[in-house]
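The values are calculated or read from the model by the stated rules, or taken from the named source; none is laboratory data. Since the structure is predicted, the reported quantities are computational estimates derived from the model, not experimental observations. Cβ atoms come from the backbone with ideal geometry, glycine included; neighbour counts cover every protein chain shown.
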Amino acid sequence: MSEKKLQIGVVGLHRGKASIEIAQKFASKVNIAAICDCNAQTADTCAEKVGVNTVYYDYEEMLKDPSLDAVYIATPIPSHALHTIQAFEAGKHVLSEVTCITDMRDAEDMLKAQEKSGKVYMLAENYCYLKAWDMVMKMVKAGLFGEVYYAEGDYLMNFHQRAGFPFIGNWRQNVYHMHRGHVYITHSLGPLMQAFDYEPLTRVSCMGCGSYPHPWGLRADNTCNLLLHTESKKLIRLRQDFLSPRPDNYLFYAIQGTKGVYEGGRSYPGAYHEGDRREKQEATHKVSIEGICGSNEWIDLFALKEFLPDMSEGWLPDEEIRRYGVYNEGVGVMFNDFAAVVAGTKENELTLKRCLNWTAAGLRSEESADKDGEPVSIPVY
Ligand SMILES: NC(=O)c1ccc[n+]([C@@H]2O[C@H](COP(=O)([O-])OP(=O)(O)OC[C@H]3O[C@@H](n4cnc5c(N)ncnc54)[C@H](O)[C@@H]3O)[C@@H](O)[C@H]2O)c1
């Protein structure tokens, strides 16, 4: 007998549209049953493109739809807390785009709403679903790196190509450019936290370089660096940059353990423009591991074929990666995992408590930057 698919309603049809297309093609455990956008033209155009007939223009109306088990929230970040609470109140499971919150005061209300509803929350952190990282994590679990004690991540995005730069408009202007620190932190942190077996973060220190050229009137530093500690003092370094003239590099990760090291590419190609997309990403990922190669030698991660991802899980094949970008290569797997978590057949790795801790690290990094790098505590939920 075939398994019943999880019925999902999607709200926010810009980011939402790409995710719908990938879920429809590669996530066998879900069905996109309804879509919603408050911009009627966006909703209607999307409905036509993705072939979903149940269209809402009001999120609260969609939440009343009894045929929906869950919602995928892809509205702007400042709406995530409200949209999550409303979904729980309507008895729906939540798969939410990143990040969880923009205001620390919303965390407790979200947790209370979830507890009352008993429903699943999973952060749609697609950067935890990258093929190279999937391999690295299998190797971490197999003990190849020994004990992992240090990790790095960079989120460097070239906005110079966008109309009106540095005034990019809409909610992104406020969230990205009118705050110091690293408020869009989960893409970098999520994968690294997996390597530390989700040990909570306790402290963050952030220093920025200031804003160039003056006077842009933006609060964000052109670039900033964060140092974070986990509970047992594992160390993480993250760099964030939305303002410098440089090619994108928002998929850089590295880990260091007692037996080996992994480093991704520092000039990972951008996935924003079609022309930037490379045909192969393999060559940029390298490892040096005791017993597998010489102590001063790197080898190509993808040469370790026994750790290659299982394509039947929902990974995008190469031609679809060129279309949707490397950062979307595991969105199908992510939707399948969400369905499995709701069905109770898989443990939820991207829980509300964990992801609030990561989001809070980014929000608290602003306070540290204002104190010239003084470490500040991060709430553990
Ligand atoms: N995971 C990723 O790789 C990735 C990539 C891009 C964006 N995102 C995330 O996706 C979210 C949306 O980003 P975006 O670039 O699509 O933003 P956007 O502003 O381009 O689009 C947001 C859409 O949501 C709609 N919307 C806003 N409020 C609504 C409401 N109350 N009810 C119904 N519709 C509403 C808007 O009309 C618009 O179509 C953000 O959280 C962002 O961080 C994630």
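Tabulated data for the structure shown
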read-out: Strands (runs of 3 or more DSSP E) contained in the stretch 165-244 and holding at least 1 residues of a type in the set (Lys, Arg); value: 201-208, 235-241
read-out: Qualifying residue in the stretch 155-178 (condition: more than 16 Å from the ligand (Cβ to nearest atom), surrounded by fewer than 23 Cβ atoms within 10 Å (Cβ to Cβ) and at pLDDT 95 or above); value: no
read-out: Filter result (under 28 Å from Asp300 (Cα atoms), among the basic types (Lys, Arg) and surrounded by fewer than 19 Cβ atoms within 10 Å (Cβ to Cβ)) within the stretch 212-257; value: Arg237, Arg239, Arg246
read-out: Scope the stretch 303-328; condition over 26 Å from Lys141 (Cα atoms), away from the ligand (no atom under 16 Å from the Cβ) and either free of Cβ contacts under 8 Å to residues at least 24 places away in the same chain or buried (at least 18 other Cβ atoms within 10 Å of the Cβ) (or both); matching residues; value: Glu319
read-out: Pairs, first within 18 Å of Asp37 (Cα to Cα) in the stretch 1-24, second in a loop (DSSP other than H, G, I, E, B) and within 12 Å of the ligand (Cβ to nearest atom), C-beta under 6 Å, six or more apart; value: Val11/Thr75; Gly12/Ala74; Gly12/Thr75; Leu13/Asp37; Arg15/Ala74; Gly16/Ala74
read-out: Failed criterion for Met139 (all others in (1) of a type outside the set (Lys, Arg); (2) part of a helix (DSSP H, G or I); (3) outside the structural domain of Pro191 (by TED's automatic domain parsing) hold); value: (3)
read-out: Any hit, the stretch 40-55, residues being in contact (Cβ under 8 Å) with a residue 60 or more places away in the chain, more than 8 Å from the ligand (Cβ to nearest atom) and closer than 18 Å to Gln7 by Cα; value: no
read-out: Scope the stretch 77-115; condition assigned to a loop (DSSP other than H, G, I, E, B) and surrounded by fewer than 20 Cβ atoms within 10 Å (Cβ to Cβ); matching residues; value: Ala90, Gly91, Asp103, Met104, Arg105
read-out: Residue within the stretch 130-152 that is over 20 Å from the mean Cα position of the chain (by Cα), within 28 Å of Leu13 (Cβ to Cβ), at pLDDT 95 or above and away from the ligand (no atom under 16 Å from the Cβ) present; value: no
read-out: Tyr150 being among the aromatic types (Phe, Trp, Tyr) and not in a helix (DSSP H, G or I); value: yes
